[in-house]
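This is the structure I have questions about; it appears just below.
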Amino acid sequence: MTENKKVITVRGLTLGDGIPKICVPVTAHSLSQMEEQLKKIRITPHDLVELRADFYEGDPIEELTALRAALPETPILFTFRTKEEGGERSVTLNDYAALNRQAAGLSADLIDLEYNRGEDFVRGLCQKLQDAGVKVVASFHDFSGTPSAEKLTELLCRMQALGADVTKAAVMPQSERDVLTLMSAAVEMKEQIADRPYIVMSMGALGGISRLAGTLTGSAVTFASAGSVSAPGQMDAAFVARARSLLAAD
């Protein structure tokens, strides 16, 4: 494992300490639907919540404010996933930056920034968000395939170099070997490269094993469902919690 690897802590939750944390998404279109999703989240094992603000049909800041009021102690990852990255809505770069800066000034603990928005753009926005007191997750998505292990580690390294607190790569496998490629890249990060927490996953049903293998691959967070899913292949959070306990046992 790389020496002097940083961990980050938000609201008492530490990422990067070797134990994969469970993140469940809120994918509500309205505040009333959010309340229904929260009923399930409250009785489902989880460590943090991802607000997928692109699903919301109103002002995402309104939704973030309501979610913080409902979950005052829970770490919240604010994500506005653009349509270009598999999300629900398209926005201009300026609106994307403004929205994330608003979220940083309110009650988000972590904010997801899409690496494919451009390195210079992400670097500058990352610094502004960190100056506002939040942690930044730089994320890369490929919904059509899986890059080589070398390309994946290069991408994660480039996101480290941008200054993100956490790096993330989510890719779509076309074969069993693709899943192993993603996991092999993650182990390389764990043993040789990573100097901060990272998150990796192979999406879809084929990649499901990667969502359970954080203790092996070093992935700091696994995304799981509390009734609603935000990406292909997310498993039931209660099942993931049981698997995590078994895999982490001495």
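Taking segment 195-218, which residues are out of contact with any Pro (no Cβ under 6 Å at 6 or more places or on another chain), of a type outside the set (Val, Ile, Thr) and open to solvent by less than 60 Å² (accessible area, probe 1.4 Å)?
Answer for segment 195-218, where residues must be out of contact with any Pro (no Cβ under 6 Å at 6 or more places or on another chain), of a type outside the set (Val, Ile, Thr) and open to solvent by less than 60 Å² (accessible area, probe 1.4 Å): 195, 196, 197, 198, 201, 208, 210, 211, 212, 213, 218.
Residue check: is residue 142 within 15 Å of residue 114 (Cβ to Cβ), surrounded by fewer than 21 Cβ atoms within 10 Å (Cβ to Cβ) and under 18 Å from the mean Cα position of the chain (by Cα)?
For residue 142, the condition - within 15 Å of residue 114 (Cβ to Cβ), surrounded by fewer than 21 Cβ atoms within 10 Å (Cβ to Cβ) and under 18 Å from the mean Cα position of the chain (by Cα) - is met.
Now a separate question. Within the set of pairs 6+ apart or on separate chains, which have a first residue in segment 167-181 that is over 15 Å from residue 151 (Cβ atoms), a second that is of a type in the set (Asp, Glu) and not in a strand (DSSP E or B), and C-beta atoms under 9 Å apart?
From segment 167-181, no pairs qualify.
From the list 41, 22, which residue is within 20 Å of residue 219 (Cα to Cα) and either at pLDDT below 95 or among the β-branched types (Val, Ile, Thr) (or both)?
22
Is it the case that residue 244 is free of Cβ contacts under 8 Å to residues at least 60 places away in the same chain, surrounded by 16 or more Cβ atoms within 10 Å (Cβ to Cβ), under 26 Å from residue 75 (Cα atoms) and out of contact with any Leu (no Cβ under 6 Å at 6 or more places or on another chain)? It would help to see each step written out before you state the result.
Details: free of Cβ contacts under 8 Å to residues at least 60 places away in the same chain: no; surrounded by 16 or more Cβ atoms within 10 Å (Cβ to Cβ): yes; under 26 Å from residue 75 (Cα atoms): yes; out of contact with any Leu (no Cβ under 6 Å at 6 or more places or on another chain): yes.
Against the criterion (free of Cβ contacts under 8 Å to residues at least 60 places away in the same chain, surrounded by 16 or more Cβ atoms within 10 Å (Cβ to Cβ), under 26 Å from residue 75 (Cα atoms) and out of contact with any Leu (no Cβ under 6 Å at 6 or more places or on another chain)), residue 244 does not qualify.
Now for a separate question. Quick check on segment 147-177: of everything there that is over 26 Å from residue 9 (Cα atoms) and open to solvent by 30 Å² or more (accessible area, probe 1.4 Å), which residue is nearest to the chain's Cα centre (by Cα)?
The selected residue is 172.
Look at segment 57-79 and say how many of its residues are closer than 19 Å to residue 13 by Cα, surrounded by fewer than 21 Cβ atoms within 10 Å (Cβ to Cβ) and free of Cβ contacts under 8 Å to residues at least 60 places away in the same chain. Write out each step before concluding.
Initial filter on segment 57-79 (closer than 19 Å to residue 13 by Cα): 67-79.
Of the ones still in play, those that are also surrounded by fewer than 21 Cβ atoms within 10 Å (Cβ to Cβ) are 68-74.
Filter once more, so that each one left must be free of Cβ contacts under 8 Å to residues at least 60 places away in the same chain: 68-72.
Matching residues across segment 57-79 total 5.
Six or more apart or on different chains, Cβ atoms under 6 Å: show the pairs whose first residue is in segment 80-108 and more than 13 Å from residue 51 (Cβ to Cβ) and whose second is of a type in the set (A, V, I, L, M, F, W, C) and at pLDDT below 95.
86/143
Here is a list of conditions, (1) free of Cβ contacts under 8 Å to residues at least 24 places away in the same chain; (2) under 18 Å from residue 49 (Cβ atoms); (3) not hydroxyl-bearing (Ser, Thr, Tyr), and residue 131 meets all of them except one; can you say which number that is?
That leaves (2) as the condition not met.
Any idea which of 35, 73, 63 is out of contact with any Asp or Glu (no Cβ under 8 Å at 6 or more places or on another chain), acidic (Asp, Glu), farther than 18 Å from residue 234 by Cβ and not in a helix (DSSP H, G or I)? Working first, answer last.
Working: 35 fails: not in a helix (DSSP H, G or I); 63 fails: not in a helix (DSSP H, G or I).
Result of the check over 35, 73, 63: 73.
Name the pairs whose Cβ atoms lie under 9 Å apart, with the first residue in segment 30-43 and in contact (Cβ under 8 Å) with a residue 40 or more places away in the chain, the second open to solvent by 40 Å² or more (accessible area, probe 1.4 Å) and of a type outside the set (A, V, I, L, M, F, W, C), and 6 or more positions between them or separate chains?
37/227; 40/227; 41/227
Select from segment 36-56 the residues that are open to solvent by 80 Å² or more (accessible area, probe 1.4 Å) and of a type in the set (Asp, Glu) and list them in ascending order.
The answer is 36, and nothing else.
Could you tell me which of the residues 205, 238, 185, 243 is assigned to a loop (DSSP other than H, G, I, E, B) and on the phi < 0 side of the Ramachandran plot?
205
The values are calculated or read from the model by the stated rules, or taken from the named source; none is laboratory data. Since the structure is predicted, the reported quantities are computational estimates derived from the model, not experimental observations. Cβ atoms come from the backbone with ideal geometry, glycine included; neighbour counts cover every protein chain shown. Ligands, DNA and RNA are stripped out before the accessible areas are found, and what is left, the full protein with its side chains, is counted by its heavy atoms. Shrake-Rupley method; radii C 1.70, N 1.55, O 1.52, S 1.80 Å.
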